[in-house]
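Below is one structure, written out as structure tokens; comments come after it.
The values are calculated or read from the model by the stated rules, or taken from the named source; none is laboratory data. Being a predicted model, the structure only gives us computed values, none of them experimental. Note that we place each Cβ from the backbone using ideal geometry, even for glycine, and neighbour counts take in every protein chain shown.
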Amino acid sequence: MISRPQRLLGEALEFSCRNHPLKTAAIYKGEEFSYTSLYKCAQNLAFHLVKNGINKGDRIALFMNNSWQCIVSIYGITLAGGVFLVVNPQTKASKLHYILNDCGAKVIISESLLINELSLALEGLKEIQEVILSESTQVDKDRGLKFKDFEGIIFKRESAVLPRIIPNDLAALIYTSGSTGFPKGVMMTHQSMVFTSWSLIEYLRLTEDERIMLVLPLAFDYGLYQLIMAITIGGTLIIEHSFNFPPTIFRQIEQLKPTVFPGVPSIYAMMIATHKKTGLTFDCIRKITNTAAALPTEFITDLKKIFPNALIFKMYGLTECKRVCYLEPELIDSKTHSVGKAIPGTEVFLLSLDGKPVAPGEAGILHVRGPHVMAGYWNNEELSREMLKPGLIPGERILCAHDLFKMDEEGFLYFQGRNDDIIKTRGEKVSPIEVENTIYQIDGIKEVAVVGIQDVFLGESIVAFITTHDQFHVNEKDIQRKCLAQLEAFMVPQKIVFLLEMPKSSNGKIDKTELKKLVSV
């Protein structure tokens, strides 16, 4: 029997429901939900949307915490031919208003806990035709908002003719921070998201037996693809709101036995700190992954102790193509500082500022070629042209990442820093990541972030922000001594700032914009 190939995002749910109808698709707040339950609820939502005027390509926003309701909504919108966008639940009303207005959302699905910001964000928005609210019985009916009950929709059996969707149709908008201060919507088609999910599944060696733990927000593409991969392989997704309460997550790992744990460096830093105090280990985890920020080499030894049976995947990506490259876990010790090679089915190369190939070992700007590259930014052709350049064949567009890398003679990539993160001091260019990696070698360092601060005499002064593990004391002289021993003099930070905690974005990344506000040199 030949199975039908997957072409559309929602087909993965259909296939897994047919192949594993009673298997647990998701675990949320201690309750298990089968593939049949997920498919039926998503289908009911799709029928409701179509019957209430949603057409193929209409944008539908999700302003929700990680939850069962959120994943039902994602697949319901997909089956209805809509374009979903997940907005982080920590987003304030003004930014939410901007995003909803920018994409012209017709429907917003949210939850009663977020009603205060939601109601403010909706003021003056004329495109919104319907507000669907989960757990709406908790909402004060006197607010004057007209909304539909989410639970009433997904458990009510309806029928409607769903639209015909093709792979070139838009599936999602993923909003990401922009250099102008306004978020930008990355356009992803069904074709690009299906291709990407299978490429990730291939190199991560995922099987239908996987139980993937989600502690990253679904608004973050790294979090979103944990859901997509789990459903595609017929695995199980363990849904948590966040990593804000580590002891709770640790108990869930012990009880639910996930096999895959995706994280970011700030999460791993907290786990390492706990490990040093308590000897924390998790034998059930078979794979851990890292992206969003470079995984410090010094973390690897402790991560091997925390996850003794796990393969460690170092990866690099950006929202505009989801993932660029990965390092085979067997090379974690021999290619310590590399983020690996291009993901399956794609190609990467480095070019100089004047568009010429660079020699092995020389820094160049990363260019990415493949079906996973975005279609462009929503309603922003000028910005799209900055990122998407003429390709190798007529009509093709490749992604210019504007990130600096080096590539060795074997084709392995080494991240040097964001092109716009590069610090220019004393007429020299300094890669923040190089300084950060040097400081991470000092015992007791928990997290490091290096930024450039405008300086009249130097151009930019180098400032290192540092947090340490509780039992360690590190002083400024220790830091500068280490830097002087391993770096050129112009790369040594002029100022060291010790913090109790690093400011973080909603995706768990260290917020360097906020750090720059803490100091003037």
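Applying the selection to the stretch 436-463, what residues are of a type in the set (Gly, Ala, Ser) and closer than 12 Å to MET491 by Cα?
GLY452, SER461
Being surrounded by 15 or more Cβ atoms within 10 Å (Cβ to Cβ), within 22 Å of PHE412 (Cα to Cα) and among the basic types (Lys, Arg), is that true of even one residue in the stretch 355-370? If you could, list the steps in order and put the result at the bottom.
Initially, the stretch 355-370 is screened for residues surrounded by 15 or more Cβ atoms within 10 Å (Cβ to Cβ), giving 358, 363-370.
Still in the running and within 22 Å of PHE412 (Cα to Cα): 358, 363-370.
With among the basic types (Lys, Arg) added as a condition, the list becomes 369.
Yes, the conditions are met somewhere in the stretch 355-370.
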List the pairs whose first member sits in the stretch 104-131 and is of a type in the set (Lys, Arg), whose second member is in a loop (DSSP other than H, G, I, E, B) and surrounded by 19 or more Cβ atoms within 10 Å (Cβ to Cβ), and whose Cβ atoms are under 8 Å apart, counting only residues at least 6 apart or on separate chains?
LYS106/ILE54; LYS106/ASP58
Looking at TYR222 and the list (1) more than 15 Å from the chain's Cα centre (by Cα); (2) farther than 21 Å from ALA42 by Cα; (3) of a type in the set (Ser, Thr, Tyr), which single condition is not satisfied?
(1)
Which numbered condition ARG397 misses (of (1) basic (Lys, Arg); (2) over 27 Å from SER431 (Cβ atoms); (3) surrounded by fewer than 17 Cβ atoms within 10 Å (Cβ to Cβ))
(3)
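Criterion first (of a type in the set (Phe, Trp, Tyr) and in contact with a Gly (Cβ under 8 Å, 6 or more places away or on another chain)) does TYR75 satisfy it?
On the way: of a type in the set (Phe, Trp, Tyr): yes; in contact with a Gly (Cβ under 8 Å, 6 or more places away or on another chain): yes.
It is true that TYR75 is of a type in the set (Phe, Trp, Tyr) and in contact with a Gly (Cβ under 8 Å, 6 or more places away or on another chain).
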From the list TYR316, TYR268, pick out the single residue that is under 15 Å from ILE332 (Cα atoms), touching a residue at least 24 places away in the same chain (Cβ under 8 Å) and hydroxyl-bearing (Ser, Thr, Tyr).
TYR316
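Out of the stretch 483-521, which residues are in contact with a Gly (Cβ under 9 Å, 6 or more places away or on another chain) and modelled with pLDDT under 85? It would help to see each step written out before you state the result.
In the first step, residues of the stretch 483-521 are kept if they are in contact with a Gly (Cβ under 9 Å, 6 or more places away or on another chain); the result is 490, 507-508, 516.
Scanning the stretch 483-521 gives PHE490, ASN507, GLY508.
Given the structure, is LEU120 surrounded by fewer than 19 Cβ atoms within 10 Å (Cβ to Cβ), part of a loop (DSSP other than H, G, I, E, B) and among the hydrophobic types (A, V, I, L, M, F, W, C)? Lay out the reasoning, then the answer.
Details: surrounded by fewer than 19 Cβ atoms within 10 Å (Cβ to Cβ): yes; part of a loop (DSSP other than H, G, I, E, B): no; among the hydrophobic types (A, V, I, L, M, F, W, C): yes.
It is false that LEU120 is surrounded by fewer than 19 Cβ atoms within 10 Å (Cβ to Cβ), part of a loop (DSSP other than H, G, I, E, B) and among the hydrophobic types (A, V, I, L, M, F, W, C).
Being among the aliphatic types (A, V, I, L, M) and at pLDDT 90 or above is the filter; apply it to the stretch 454-473 and report the residue that is farthest from PRO503 (Cα to Cα). It would help to see each step written out before you state the result.
So the first thing to find is which residues in the stretch 454-473 are among the aliphatic types (A, V, I, L, M), and the list is 456, 458, 462-464, 466.
Those still in the list that are at pLDDT 90 or above too: 462-464, 466.
Details: ILE462: 18, VAL463: 15, ALA464: 14, ILE466: 11 Å.
If we take residues in the stretch 454-473 being among the aliphatic types (A, V, I, L, M) and at pLDDT 90 or above, then ILE462 is farthest from PRO503 (Cα to Cα).
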Filter the stretch 366-388 down to residues that are touching a His at 6+ places or on another chain (Cβ under 9 Å) and closer than 26 Å to ILE99 by Cα, then give me how many there are.
2
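Looking at LEU303, LEU280, LEU311, which one is over 18 Å from the mean Cα position of the chain (by Cα) and closer than 19 Å to SER199 by Cα? Don't jump to the end; show me each part of the working.
Values: LEU303 fails: closer than 19 Å to SER199 by Cα; LEU280 fails: closer than 19 Å to SER199 by Cα.
Being over 18 Å from the mean Cα position of the chain (by Cα) and closer than 19 Å to SER199 by Cα holds for just one of LEU303, LEU280, LEU311, which is LEU311.
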Could you please find all residues in the stretch 330-356 being more than 21 Å from THR289 (Cα to Cα) and in a loop (DSSP other than H, G, I, E, B)?
SER352, LEU353, ASP354, GLY355, LYS356
Do we have VAL448 as at pLDDT 90 or above and of a type in the set (A, V, I, L, M, F, W, C) here?
yes
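For every residue, the table says whether it meets (1) modelled with pLDDT under 95; (2) within 15 Å of CYS400 (Cα to Cα).
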residue	(1), (2)
THR336	yes, no
ILE343	no, no
VAL348	no, yes
LEU351	no, yes
GLY355	yes, yes
TYR377	no, yes
How many residues does the stretch 358-414 hold that are part of a strand (DSSP E or B), under 24 Å from the mean Cα position of the chain (by Cα) and of a type in the set (A, V, I, L, M)?
9
Can you confirm whether the stretch 209-230 contains a residue that is in contact with a helix residue (DSSP H, G or I) (Cβ under 8 Å, 6 or more places away or on another chain), hydrophobic (A, V, I, L, M, F, W, C) and farther than 22 Å from ALA293 by Cα?
no
Could you list, in sequence order, the residues of the stretch 441-485 that are without any contact (Cβ under 8 Å) to a residue 12 or more places away in the chain and among the hydroxyl-bearing types (Ser, Thr, Tyr)?
none
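Please pick out the residue among VAL448, VAL435 that is in contact with a helix residue (DSSP H, G or I) (Cβ under 9 Å, 6 or more places away or on another chain) and part of a strand (DSSP E or B). I'd like the intermediate steps shown before the answer.
Values: VAL435 fails: part of a strand (DSSP E or B).
The conditions single out VAL448.
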Please count how many residues of the stretch 493-521 are under 21 Å from the mean Cα position of the chain (by Cα) and part of a loop (DSSP other than H, G, I, E, B).
8
Here's a check for you: in the stretch 140-162, which residue that is farther than 19 Å from VAL50 by Cα and not in a loop (DSSP other than H, G, I, E, B) is modelled with the lowest pLDDT?
ASP142
ASP408 fails exactly one of the following numbered conditions: (1) surrounded by fewer than 17 Cβ atoms within 10 Å (Cβ to Cβ); (2) within 28 Å of ILE300 (Cβ to Cβ); (3) not assigned by TED's automatic domain parsing to the domain that holds LEU295. What is the number of that condition?
(3)
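Listed here are the residues, each with its yes/no results for (1) farther than 24 Å from MET187 by Cα; (2) assigned by TED's automatic domain parsing to the domain that holds SER177; (3) surrounded by 21 or more Cβ atoms within 10 Å (Cβ to Cβ).
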| residue | (1), (2), (3) |
| --- | --- |
| PRO89 | no, yes, yes |
| LYS92 | no, yes, no |
| ILE108 | no, yes, yes |
| GLU111 | yes, yes, yes |
| ASN116 | yes, yes, no |
| LEU125 | no, yes, no |
| GLU130 | no, yes, no |
Is there a residue in the stretch 315-323 that is modelled with pLDDT of 95 or more and part of a helix (DSSP H, G or I)?
no
Right, ILE433: surrounded by 18 or more Cβ atoms within 10 Å (Cβ to Cβ), over 15 Å from VAL492 (Cβ atoms) and not assigned by TED's automatic domain parsing to the domain that holds LYS335 or not?
yes
